[in-house]
1. Determine which member of the set 235, 251 is of a type outside the set (S, T, N, Q), in contact with a Pro (Cβ under 9 Å, 6 or more places away or on another chain) and farther than 20 Å from residue 173 by Cα.
2. Keeping to the range 226-244, report how many residues are assigned to a helix (DSSP H, G or I) and free of Cβ contacts under 8 Å to residues at least 40 places away in the same chain.
3. Tell me yes or no: at least one residue of the range 142-153 is part of a helix (DSSP H, G or I), touching a residue at least 12 places away in the same chain (Cβ under 8 Å) and crowded, with 19+ Cβ neighbours inside 10 Å.
4. Taking the condition in a loop (DSSP other than H, G, I, E, B), crowded, with 19+ Cβ neighbours inside 10 Å and in contact with a His (Cβ under 6 Å, 6 or more places away or on another chain), does residue 164 pass?
5. I'd like to check something: does the range 2-20 contain any residue that is over 30 Å from residue 108 (Cα atoms), crowded, with 20+ Cβ neighbours inside 10 Å, modelled with pLDDT of 90 or more and among the hydroxyl-bearing types (Ser, Thr, Tyr)?
6. Could you list all residues from the range 100-148 that are among the charged types (D, E, K, R) and touching an Asp or Glu at 6+ places or on another chain (Cβ under 7 Å)?
7. What is the number of the single condition among (1) at pLDDT 90 or above; (2) over 19 Å from residue 67 (Cβ atoms) that residue 39 does not meet?
8. Which one of 176, 220 is under 22 Å from residue 102 (Cα atoms), surrounded by fewer than 20 Cβ atoms within 10 Å (Cβ to Cβ) and within 14 Å of the chain's Cα centre (by Cα)?
Amino acid sequence: MLTKRIIPCLDVKDGRTVKGTQFVNLRDAGDSVELASRYSDEGADELVLLDISASQEGRKTFHKVVEDVAKAIQIPFTVGGGVSTVEDVMRVLDAGADKVSLNTAIVTNPYLLDAAAAKVGSQSIVAAIDAKRHEDSWLVYVKGGTVPTHLDAIWWAKEAVDRGAGELLVTSMDRDGTKEGYDIELLNTISRTVTVPVIASGGAGELVHLKDAIVDGKADAVLAASIFHFKEITLADIKQYLSENGVPVRL
């Protein structure tokens with residue numbers, strides 16, 4: 001059985017890692033390169049770096065930070081934010097990232113997903129979906145969670161995979177930063193709909209939340225930020241807990 005991955009997420013703004021609640025009320029969490037290095041040393045399976053304001057501000061992603069992180073860690077990492085062309089994808093990979101996360105750009109222009117996957121391979125392309133509950137479904141949001149679309153998140157997840165995404169990063173905007181647990185229904189619905197790995201994001205606060213995302217939500221990986229940045233739960237704690245509860249992890 002494939003091991004489940006534990007992935008710290010660094011939301012980066014102006015070179016610093018920040019963390020908020022439901023995408024607002026940001027507070028400083030430390031130097032991005034130092035945090036990345038710490039998580040690599042402590043046993044993270046992967047990292048995700050998101051330039052959270054790049055799309056809103058209409059600028060390209062933070063290549064200097066990407067280069068510095070690549071030099072400081074020994075694990076794979078994914079970079080997103082401000083990536084809007086195939087050339088941008090290539091630039092991020094050339095800076096040292098293993099995968100590129102795409103959100104706003106592929107919602108605006110789905111053909112970018114086809115082109116990027118054809119150029120670098122699906123294994124290097126992650127489709128990020130920021131979803132917010134709307135009555136009995138979930139809607140996709142873009143531009144760092146500030147702009148709603150009319151896209152149904154479940155439909156878009158399948159469409160993104162059909163167009164070449166090799167992995168989905170699914171964030172519940174309703175749960176983000178609340179520490180009340182992941183949106184299990186959202187994760188389970190998407191996981192049963194697609195054939196690629198799903199990363200759970202938004203809501204981790206306790207050890208049981210991560211287990212539930214994997215066991216009940218059928219996620220292949222769990223992503224968290226606050227619990228790591230503010231040293232509430234360690235990576236070792238999580239892996240021991242998951243292993244003791246029958247979830248295969250890399251110890």
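The values are calculated or read from the model by the stated rules, or taken from the named source; none is laboratory data. On a predicted model such as this, the values are computed, not experimentally measured, just so you know. Heads up, the Cβs are rebuilt from the backbone with ideal geometry, glycines too, and the neighbour counts pull from every protein chain shown.
1. 235
2. Matching residues across the range 226-244 total 5.
3. Yes; the residues of the range 142-153 include at least one that is part of a helix (DSSP H, G or I), touching a residue at least 12 places away in the same chain (Cβ under 8 Å) and crowded, with 19+ Cβ neighbours inside 10 Å.
4. No; evaluated as a whole, the condition is false for this residue.
5. Within the range 2-20, not a single residue is over 30 Å from residue 108 (Cα atoms), crowded, with 20+ Cβ neighbours inside 10 Å, modelled with pLDDT of 90 or more and among the hydroxyl-bearing types (Ser, Thr, Tyr).
6. Residues of the range 100-148 that are among the charged types (D, E, K, R), as a first pass: 114, 119, 130, 132-133, 135-136, 143.
Within the range 100-148, 132, 133 qualify.
7. With respect to (1) at pLDDT 90 or above; (2) over 19 Å from residue 67 (Cβ atoms), residue 39 is out only on (2).
8. From the options 176, 220, the qualifying one is 220.
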